[in-house]
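Readers should treat all values here as calculations from the given coordinates under stated rules, not as data from a laboratory. Just so we're clear, the structure is a prediction, and the values are computed from it rather than from any experiment. Counting neighbours? That spans all protein chains shown, and the Cβs are built from the backbone with ideal geometry, glycine included.
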Amino acid sequence: MSSIKFYKHEQIPVEMHKVKIVQKLNLLETDERLKKMQEAGFNTFKLHNGDIFLDMLTDSGVNAMSDNMQSAMLRADDAYAGSETFYRMQEKLTEIFGMKYCLPAHQGRACENILATRFVKPGNCVIMNYHFTTAKAHITRLGGRVEELVKDEGLVSKSNLPFKGNIDLEKLEECIKKETPENVPYIRIESGTNLIGGQPISYENMKSATDIAKKYGILTVLDASLLQDNLYFIKVREEKLKNKSIREITRMIADLFDIVYFSGRKFGFARGGAIMVRDEELFHSMEDLVPMFEGFLTYGGMSVKEMEAMTVGFDESMDMDVISQGPEFIEYCVKRLDEYGVPVITPGGGLGAHLDASQICSHIPQEEYPAGALVCALYLCGGIRGMERGTLSEERNPDGSERFASMELVRLAFPRRVFTLSQTEYVIDRVKWVFDHRDLIGGLKFVHEPKTLRFFTGILEPTSNWPEKLVKAYKKEFGNQ
Ligand SMILES: Cc1ncc(COP(=O)(O)O)c(C=O)c1O
């Protein structure tokens, strides 16, 4: 996309696809949105899709499929055991990652369940550049702990560093020595770190981290769910690899790891997941868990139609024209918000544009969930659904106290090939309005607080009547639109 140059117009991203099927959108009136937010317990996960104008909650399972993906679904081979669809999918994954064995699972967290169930014992410590909610929940469920060693610069919101997902190599070695290698079942490296702004990790850093792990005989695991964004950033930002193809870079990365797993709702643009393994013994050590939790070894809980679509999606994830669309739209959105003075994570990462709620809502104490409140404000003022990625997305400490997140972010995800640039402009416009009226936003408190992954199902309420006041100001500007 970035290779298309303009003559008179300023440089903007150009889509390398055309729209063939559309879905009508619905923009509720402002008063209606307030009612829906109240009914949803001030939790954007509980809104109905039909009540949302632009759904930027996630890119998970909501990316647009291509014509080739859709047509591949027609040849799906349904069989409880031995489906030809599975063998086609396995062959494609082996071609891409160079790993022979494939354990299918219904989505990314199911892979995390299998890995944690097989390897994590009470008291173990899993080291990561940064955690992902479900990856951590499975580890702690089994009595393990997580140590996050992303470099300090990864948690600075405004920066121009190209690889803010890099792990601190000195801390990694110190941590292994302190824990002892026997107590570290695996080191998990997350490409395109979800919770800290979709920031990439460099190939060089992955190589050094896995070299250290190998020195101490520790298993290495790559979470490749957001690999496609990370591949784009390596290609455009890592000087030494700029002449390598996306396929070559993917293979070089996979060669560093013992295990690669992914959510097919992201990597592959469909709905599913898999664990790829090179070593036969390692494969056999996890094999029995697939039929137990997922389904037989040749479908793993997935629909064969989705597997066929995903197999085409893997190839599309190797195409620079396809994988550049997300990061370039995000970069556009982030730059425009930055010009407006809205605190955003820079440089733009993958997955989505990330608003820095700790700055935007600095008047809201962290225990009243500033990012949770800001995400509600965006729905009230424009019908845009984002996701809280801050303290609400954390779990409490064992003593019941809040575990404050390192960053308080609102993620506005850009599902691939879904939104147009004019819709992106609308989002920028409404974020700017909310930013200019940020003093009207107040805090949230729990009414019903689940113990695990509380952000999915928790019910909250505002700490004052701030939503009514905000809506009143919005209506003064835009009417009941
Ligand atoms: C980095 C990362 N890992 C794992 C997962 C879990 O995948 P799934 O939602 O398919 O369970 C996600 C989902 O958002 C993710 O972003």
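Provide the packing ranking of 214-223, 239-248, 99-108, i.e. peptides ordered by the mean count of other C-beta atoms within 10 Å per residue, highest first. Mind showing how you got there, number by number?
Numbers: 214-223: 18.8, 239-248: 12.9, 99-108: 22.8.
Taking the mean over residues of other Cβ atoms within 10 Å, the ranking is 99-108, 214-223, 239-248.
What list of ³J(HN,Hα) values in whole Hz, one per residue of segment 471-477 in order, does the Karplus curve 6.51 cos²θ - 1.76 cosθ + 1.60 (θ = phi - 60°) give from phi, with Gly and Pro shown as x?
Once rounded to whole Hz, the list reads 4, 4, 5, 5, 5, 4, 7.
Where the only charges are on Cβ atoms (+1 Lys, Arg; -1 Asp, Glu), what is the dipole of the chain about its Cα centre, to the nearest 20 debye?
620 debye
Which of the listed residues, Phe419, Leu453, Phe233, is farthest toward the dipole's positive end in the chain, when Lys, Arg count +1 and Asp, Glu count -1 at the beta-carbon?
Phe419
Tell me, what ³J(HN,Hα) does each residue in segment 400-407 have, in order and in whole Hz, if you take phi through Karplus 6.51 cos²θ - 1.76 cosθ + 1.60 with θ = phi - 60° and put x for Gly and Pro?
Per residue, the Karplus-derived 3J(HN,Hα) values read x, 6, 5, 9, 6, 5, 5, 9 Hz.
Mind checking the log10 I(q)/I(0) for segment 67-319 at q = 0.09, 0.10, 0.11 Å⁻¹? Debye, one equal scatterer per Cα, no solvent, two decimals.
Per q value, in the given order, log10 I(q)/I(0) is -0.37, -0.45, -0.55.
What number do you get for segment 326-481 when its Cα radius of gyration is normalised by 2.2 N^0.38 Å, N = residues? Walk me through the numbers before you get to the answer.
On the way: Rg = 15.4 Å, N = 156, 2.2 N^0.38 = 15.0 Å.
Working it through for segment 326-481, the quotient is 1.03.
Quick one: Debye curve from the alpha-carbon atoms of segment 181-221 only, equal weights, vacuum; give me log10 I(q)/I(0) at q = 0.15 Å⁻¹ to two decimals.
Here log10 of I(q) over I(0) equals -0.39.
Could you give the C-alpha radius of gyration of the chain expressed as a fraction of 2.2 N^0.38 Å, taking N as the number of residues it contains? Please list the in-between numbers first.
Details: Rg = 21.9 Å, N = 481, 2.2 N^0.38 = 23.0 Å.
For the chain, the normalised Cα radius of gyration comes out at 0.95.
For segment 1-135, just the Cα set please: Rg and Dmax, both in angstrom.
Reported Rg and Dmax, both Å: 21.6, 62.
Take each of the peptides 397-404, 48-55, average the number of other beta-carbon atoms within 10 Å over its residues, and list them starting from the highest. Don't skip to the answer; put the middle values down first.
Details: 397-404: 9.4, 48-55: 16.1.
Highest to lowest by the protection proxy: 48-55, 397-404.
Less than 24 Å apart at the alpha-carbon level, and either on another chain or at least 8 residues along: which lysines does that give for Lys244?
Lys5, Lys92, Lys100, Lys164, Lys207, Lys235, Lys266
How would you order 317-326, 445-454, 119-128 from highest to lowest mean count of nearby Cβ atoms within 10 Å?
On the way: 317-326: 20.3, 445-454: 13.3, 119-128: 18.2.
The densest-packed peptide leads the list: 317-326, 119-128, 445-454.
Could you work out, for segment 291-409, what percent of all Cα-Cα pairs fall into each 5 Å distance bin, beginning at 0 Å and stopping at the bin that holds the largest distance?
Over segment 291-409, the share of Cα pairs per 5 Å bin runs 2, 10, 13, 15, 13, 11, 13, 12, 8, 3, 0 percent.
With every atom except the alpha carbons ignored, what do you get for Rg and Dmax of segment 212-362, in angstroms?
Cα only, segment 212-362: 18.4, 55 Å (Rg, Dmax).
Would you kindly give the portion of the calculated P(r) for segment 315-362 that falls above 16 Å, as a percent of all Cα pairs?
On the way: 485 of 1128 pairs.
The calculated P(r) of segment 315-362 puts 43 percent of pairs beyond 16 Å.
Pull out the extension gain between Asp319 and Leu297, defined as 0.36 nm times the separation in residues minus the alpha carbon to alpha carbon distance; nm, one decimal.
Numbers: separation 22, 0.36 × 22 = 7.92 nm, distance 2.89 nm.
Taking 0.36 nm per residue and subtracting the Cα distance, the gain is 5.0 nm.
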